[in-house]
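The values are calculated or read from the model by the stated rules, or taken from the named source; none is laboratory data. Computed from a predicted model, the values in this text were never measured in an experiment. Cβ coordinates were reconstructed from backbone atoms using ideal geometry, including for glycine residues, and neighbour counts include every protein chain displayed.
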Amino acid sequence: MSCNEILDMLHDYISNEVSKADAESIHRHLQDCPDCHDMYTQLSEFVTRMRELVKVSAPVHLHERINSLRKADRIK
Amino acid sequence: MNSEISSDRKLFEDEVIQYLNGLYCYALNLSRNEEEAQDLVQETYERALKSYRQYRLGTNARAWLFAILRNTFLNIRRQAQKNPVKTRFEEQEEIALATIPVTPPLGTDPQKEFLRKLLVKDIKNALNRLPEEFKSAVILCDIEGFSYKEIASVLSVPIGTVRSRIHRGRAYLQKMLYEWQKRYGRK
């Protein structure tokens, strides 16, 4: 695969949306090509950091609200 | 009160209830308001529980719930006519989205600095500047871990559209955040 082909597929590779054969080709290319590896690292670290910062849990009282709703719906 | 429920009903409830945290996170990013996000999640569960008899075991309950939540949000927004037409600014943002490069030109060290300085409020501000359909695609993929096929079902669009929205959405966020850091020089 050429660098352009790799860059085209980088987003899908990070999303685990490429075939096993393509994933292996991309993996091999990234080990040998520092420029593509840099692009891959930038994107994957950005996605990981975004996930860490944005992920939140529902407050306890919302869990309670939904549990009450679940019980109330059973007796309708 | 009748506390006895069928095993199918129990399976259904246990299945849908486990997605509460993800639904709340998505609702909060869509609405940007804690109270509205909680109401959206409640409305989603009310609709889901009412649809129990139409629910077939084996259906992708998670994608189904996220689709209910998003449709509820969009309906409320349409009814309230808070966003009746796109503003000139939003149109310009969409045009900008179509022309951005894949990623900003960073080396390894500047990248580390860039990530270290990122703050929750910056990411949220950047996400909120994305058009809803791009924001939803990025959140469902990168925060919730949905596959492209599942996202296509939540958003009711082809997989190719999902792919394009994720690529462009991520690139736009990276570029915007990087430029904010350069402009405001956060230490």
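In the set B:ARG168, B:ARG163, which member is in a helix (DSSP H, G or I), in contact (Cβ under 8 Å) with a residue 60 or more places away in the chain and over 19 Å from B:TRP64 (Cβ atoms)?
Numbers: B:ARG163 fails: in contact (Cβ under 8 Å) with a residue 60 or more places away in the chain.
Among B:ARG168, B:ARG163, only B:ARG168 is in a helix (DSSP H, G or I), in contact (Cβ under 8 Å) with a residue 60 or more places away in the chain and over 19 Å from B:TRP64 (Cβ atoms).
Do you know which residues across region B:124-142 are of a type in the set (Asp, Glu) and either touching a Lys or Arg at 6+ places or on another chain (Cβ under 8 Å) or on the phi > 0 side of the Ramachandran plot (or both)? Write out each step before concluding.
So in region B:124-142, the residues of a type in the set (Asp, Glu) come out as B:132-133, B:142.
Passing the criteria: B:GLU133, B:ASP142.
Answer with yes or no whether B:ALA80 is modelled with pLDDT of 70 or more, hydrophobic (A, V, I, L, M, F, W, C) and surrounded by fewer than 12 Cβ atoms within 10 Å (Cβ to Cβ).
yes
If you scan region A:11-22, which residues turn out to be under 17 Å from B:CYS141 (Cβ atoms) and either under 12 Å from the mean Cα position of the chain (by Cα) or of a type in the set (Gly, Ala, Ser) (or both)? Explain how you work it out, then say what you get.
Within region A:11-22, the subset under 17 Å from B:CYS141 (Cβ atoms) is A:11-18.
Listed by number, the residues that qualify are A:HIS11, A:ASP12, A:TYR13, A:ILE14, A:SER15, A:ASN16, A:GLU17.
With respect to B:LEU115, is the statement that it is without any contact (Cβ under 8 Å) to a residue 12 or more places away in the chain, in contact with an Asp or Glu (Cβ under 7 Å, 6 or more places away or on another chain) and either facing chain A (nearest Cβ under 9 Å) or assigned to a loop (DSSP other than H, G, I, E, B) (or both) true?
Values: without any contact (Cβ under 8 Å) to a residue 12 or more places away in the chain: yes; in contact with an Asp or Glu (Cβ under 7 Å, 6 or more places away or on another chain): yes; either facing chain A (nearest Cβ under 9 Å) or assigned to a loop (DSSP other than H, G, I, E, B) (or both): yes.
Yes.
If you scan region A:42-61, which residues turn out to be more than 7 Å from chain B (Cβ to nearest Cβ) and either under 21 Å from B:ARG32 (Cα atoms) or at pLDDT below 90 (or both)?
Residues satisfying the conditions are A:GLU52, A:PRO59, A:VAL60, A:HIS61.
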